[in-house]
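Bear in mind that the values in this text are calculations on the coordinates, not laboratory data. Predicted, not measured: the structure shown is a model, and the values here were computed from it. Every residue, glycine as well, gets a Cβ built from its backbone with ideal geometry; the counts of neighbours run over all protein chains shown.
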């Protein structure tokens with residue numbers, strides 16, 4: 001059974017609304033685009049790969065609902081032009097899906113400035129550029145909206161040899177949690193999307209590395225090896241992930257997760273953090289003085305909603 005939408009969510013009904021998806025011409029981004037088009041939304045696919053945009057549009061088979069724009073998410077002026085093009089085609093942007101990302105990974109002892117600058121510039125900076133460019137436009141039309149930021153399970157269970165990638169994805173998660181409460185009053189929801197392994201071409205990220213980030217990199221050999229890694233059939237399909245994101249948008253979920261296999265590892269990490277808390281009485285006077293730091297109602301709200309309505313897998317269109 002498909003999950004029913006939360007009728008109070010800003011984008012409970014996506015039909016006729018417009019989504020702007022970065023990194024939308026392949027993998028996860030294209031899977032999200034497919035789900036939204038099937039649900040009747042207009043979709044603007046933004047991607048750095050010009051050659052992929054036409055193929056993506058053709059695969060969606062709906063010229064009336066789909067527009068494509070070439071975009072390097074680190075190019076702020078380019079982001080403005082892309083948003084202008086989206087509005088020229090569909091009028092208003094209601095959903096911003098900051099999905100563009102690159103898989104910059106390797107040993108910390110090999111990491112150079114170019115590796116850090118490229119990883120953070122795309123994986124975190126691209127999300128920031130989308131917010132600064134498109135959030136004011138969403139606020140201006142006043143019809144509500146949804147911001148989906150692509151983080152990763154890596155933000156919740158960091159593993160070795162993933163420092164650059166994990167740092168950026170953890171920043172995306174923290175950003176999403178921080179702005180959720182700020183934007184709720186304007187009827188704009190925020191969802192942190194944290195997928196596990198998905199069938200995509202993220203292993204080919206090295207092919208997209210700009211020349212300006214190749215001079216001081218310690219990852220050239222590793223990126224070449226990753227580019228040859230086959231995509232496992234055990235990884236989740238992009239279409240299944242797209243349906244899960246659509247469900248999260250319709251329900252205004254704070255967290256959109258994909259793989260239940262990660263649950264125990266997440267519990268162990270959270271338990272390890274709590275087990276490290278100083279075992280001493282709480283200073284009540286201090287607690288009162290810093291009360292505004294001790295919790296965030298967005299966590300209470302998400303827990304209450306999900307406890308009352310347990311998570312079920314959305315129906316996946318094959």
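Results, tabulated for the structure shown:
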{"quantity": "Single residue of 84, 110 found to be within 23 Å of residue 154 (Cβ to Cβ), out of contact with any strand residue (DSSP E or B) (no Cβ under 9 Å at 6 or more places or on another chain) and surrounded by fewer than 24 Cβ atoms within 10 Å (Cβ to Cβ)", "calculated": "110"}
{"quantity": "Check on residue 89, over 30 Å from residue 117 (Cα atoms) and either in contact with a strand residue (DSSP E or B) (Cβ under 8 Å, 6 or more places away or on another chain) or crowded, with 22+ Cβ neighbours inside 10 Å (or both)", "calculated": "yes"}
{"quantity": "Residue 153 in contact with a helix residue (DSSP H, G or I) (Cβ under 8 Å, 6 or more places away or on another chain), farther than 21 Å from residue 43 by Cα, surrounded by 20 or more Cβ atoms within 10 Å (Cβ to Cβ) and in contact (Cβ under 8 Å) with a residue 24 or more places away in the chain", "calculated": "yes"}
{"quantity": "Positions within region 135-144 being in contact with a strand residue (DSSP E or B) (Cβ under 8 Å, 6 or more places away or on another chain) and under 18 Å from residue 80 (Cβ atoms), in sequence order", "calculated": "135, 138, 139"}
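Residue-by-condition table, conditions (1) within 22 Å of residue 251 (Cβ to Cβ); (2) surrounded by fewer than 24 Cβ atoms within 10 Å (Cβ to Cβ); (3) in contact with a helix residue (DSSP H, G or I) (Cβ under 8 Å, 6 or more places away or on another chain):
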residue	(1), (2), (3)
18	yes, yes, yes
37	yes, yes, yes
46	no, no, yes
49	no, yes, yes
55	no, yes, no
59	no, yes, yes
62	no, yes, yes
